[in-house]
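Here is the structure we will look at, set down as structure tokens.
The values are calculated or read from the model by the stated rules, or taken from the named source; none is laboratory data. The shown structure was predicted, so the numbers you read here are calculated from the model rather than taken from an experiment. Here Cβ is always computed from backbone atoms with ideal geometry, including for glycine, and neighbour counts include all displayed protein chains. To get the accessible areas, we keep the full protein, side chains included, count just its heavy atoms, and leave off ligands, DNA and RNA. Shrake-Rupley method; radii C 1.70, N 1.55, O 1.52, S 1.80 Å.
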Amino acid sequence: MSADADVEVLRREGRIVVVGASLAGLRAAETLRDKGFTGSLTMIGDEPYEPYDRPPLSKQALLGRARAEDTALPRRREIDAEWRLGVAAEGLDRQAKRVRLANRDTVPYDRLLITTGTRARPWIHPDEAALDGVFVLRTRDDSVRLDRKLAGSPSRVLVIGAGFTGSEVASACRERGLEVTVAERGPAPLVGALGGVIGAVADRLQRRKGVNLRCGISVTALEGDYAGRLRRAHLSDGSAIEAEVAVVSLGAIRNTDWLAGSGLAAGPRGIACDAGCRVFDVNGIVTDDIYAAGDVARSPHPLFDYQFLSLEHWGNAVEQAEIAAHNMICAGPDRRPHLWLPMFWSSQFGVNIKSVGVPSLGDQLVVAQGTLAEERFVAVYGYHGRVIAAASFDGAKWLGFYQQQIEAAAPFPPEYGTVDRRTETLEPVDPAFPDPHLPTHGPTVTLTGHSPSERRVEFVPSHA
Amino acid sequence: MRLVVDLNRCQGYAQCVFLAPDVFALHGDEALLFSPRFDEAQRDRVEEAAAACPVQAILVDYSDEPTRGAEPHVG
């Protein structure tokens, strides 16, 4: 039997198992059926819910615009899948081609897609994390619980970490009329994703909206009362603040633990895969039956020195899932590469923040349109004399243009005239990214080196 | 009915806000907030909004195939 015939058999009667029943898993399943896959399809998810959309959980769901329970994703088509929800995958046996579930069931596969995503990084001290009033925000249940707590008008909310999620939570709290303190270890909010120059704009914005922002400071301990309710937090400058609620927004951990011992190149920075979403094993040999997509994957990108990028972006999950699904049921020459340009958005304090490209790779920055002082601008990032990224505050209409500039490796600083340009010559400045070895909190792009097993950045929790 | 907006595509033209104000709203000048679940009564308006979106960022349900084994929607 030829390899091509194998693919035909697979498309007709193969068994495809998707581990991770969220955005990437759902879109992959729809694409498989769209491409004519008629075999059996099993969707495994650790949460008991049908696939739902996470971005609203820190926005609409906390602003009273929607309930967290109502965020189920729309379906592009029927997928005729067997759903195994509310039970996590616990192990992978590549020899036997079987996924082992937490309830001891095993699920055999011919092709496996891993879309297990990330989970919220918990507070470092488990006993303090267990206090009533200490939250993380990643799941539907997290959002419901936090919303309920905020409805009780707590005297003060402490947000730990001023990445995107933390800043969005702080924004929602201010709109609800709640007192908020944000504690950020870095010099400004959003600094890991966008650098210190843009971080300074976010800093002004938060203060103007009434946030008690404390940068350059870490929370060293959370203290409860006799009944186990949070009452105050201790800070690294020796001070303490009274708070009934703490929202721990220290970024995400990739859900790769269940792959320990599987022999796949999976670790804290994600699962390494090639540009066709095929997963590498620990020896750097690519598998042909296991694929990864979404937040859990990291793959090399030609526009960014072929470094392995790991992206916690909604759009990446959709696009990479579609590519993975296509490649799973295609013969070699028909496969397509995942060359998505990183892109994300955040809305906070009434401002629409968007980014395209990889800002953290930038060594220079110019404000090409608008001004930082007005909190309405497009900042363009340069890397070795070419445009590598752009970020906008209320300037979304321009980002498509900068996307083309990045894809074309256009020279930096930009040589063209732009609308709403305020200076005669664009003066490049250092975008002021913190040392990449220090942890950052924002859901953004992480450059994770050139080899499937390399890890350049490691999270080092601060201890009291 | 379920919907989602691809906010990477959205550029804040706000056509949807005019056509289905109960489902879409601007927050500030440009940020779009949408209700991910809407009533059948809103269906025509939402479909009009999806069709009118200049960047085609709105995805509305094409299938109500049940998700067997999922915890049912409450309320």
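Per-structure values
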{"read-out": "Residue satisfying condition, being out of contact with any His (no Cβ under 8 Å at 6 or more places or on another chain), free of Cβ contacts under 8 Å to residues at least 40 places away in the same chain and facing chain B (nearest Cβ under 10 Å), within set A:Arg376, A:Arg386", "value": "A:Arg376"}
{"read-out": "Selection within region B:9-33 - without any contact (Cβ under 8 Å) to a residue 40 or more places away in the chain and under 20 Å from A:Met343 (Cα atoms)", "value": "B:Gly12, B:Glu30, B:Ala31, B:Leu32, B:Leu33"}
{"read-out": "Every residue from region A:377-395 that is touching a Ser or Thr at 6+ places or on another chain (Cβ under 8 Å) and under 9 Å from A:Pro359 (Cα atoms)", "value": "A:Ala389, A:Ala390, A:Ala391"}
{"read-out": "In region A:409-438, residue most open to solvent (accessible area, probe 1.4 Å) [restricted to those that are within 18 Å of A:Trp398 (Cβ to Cβ) and polar (S, T, N, Q)]", "value": "A:Thr423"}
{"read-out": "Strands (runs of 3 or more DSSP E) wholly inside region A:235-281 that include at least 3 residues being out of contact with any helix residue (DSSP H, G or I) (no Cβ under 9 Å at 6 or more places or on another chain)", "value": "A:240-242"}
{"read-out": "Only one of A:Leu222, A:Leu230, A:Leu235 that is in the same structural domain as A:Leu137 (by TED's automatic domain parsing) and free of Cβ contacts under 8 Å to residues at least 60 places away in the same chain", "value": "A:Leu235"}
{"read-out": "Matching option when the condition is in a helix (DSSP H, G or I) and under 26 Å from A:Gly25 (Cα atoms), among A:Arg145, A:Arg138", "value": "A:Arg145"}
{"read-out": "From the options A:Ala188, A:Ala200, residue that is in contact with a Leu (Cβ under 8 Å, 6 or more places away or on another chain) and at pLDDT 95 or above", "value": "A:Ala200"}
{"read-out": "Enumerated strands (runs of 3 or more DSSP E) restricted to region A:284-332, each holding at least 1 residues that are at pLDDT 95 or above", "value": "A:286-292, A:297-300"}
{"read-out": "Which listed residue is more than 7 Å from chain A (Cβ to nearest Cβ) and either surrounded by fewer than 17 Cβ atoms within 10 Å (Cβ to Cβ) or within 30 Å of A:Val87 (Cβ to Cβ) (or both), from B:Phe24, B:Phe18", "value": "B:Phe18"}
{"read-out": "Candidates B:Asp64, B:Asp29 - the one that is over 10 Å from the mean Cα position of the chain (by Cα) and either at the interface with chain A (Cβ under 7 Å from one of its Cβ atoms) or surrounded by 19 or more Cβ atoms within 10 Å (Cβ to Cβ) (or both)", "value": "B:Asp29"}
{"read-out": "Flag for A:Thr38 being surrounded by fewer than 23 Cβ atoms within 10 Å (Cβ to Cβ), in a loop (DSSP other than H, G, I, E, B) and among the β-branched types (Val, Ile, Thr)", "value": "yes"}
{"read-out": "Segments classed as strands (runs of 3 or more DSSP E), wholly inside region A:47-116, with at least 1 members that are at the interface with chain B (Cβ under 9 Å from one of its Cβ atoms) and either on the phi > 0 side of the Ramachandran plot or open to solvent by less than 30 Å² (accessible area, probe 1.4 Å) (or both)", "value": "A:82-85"}
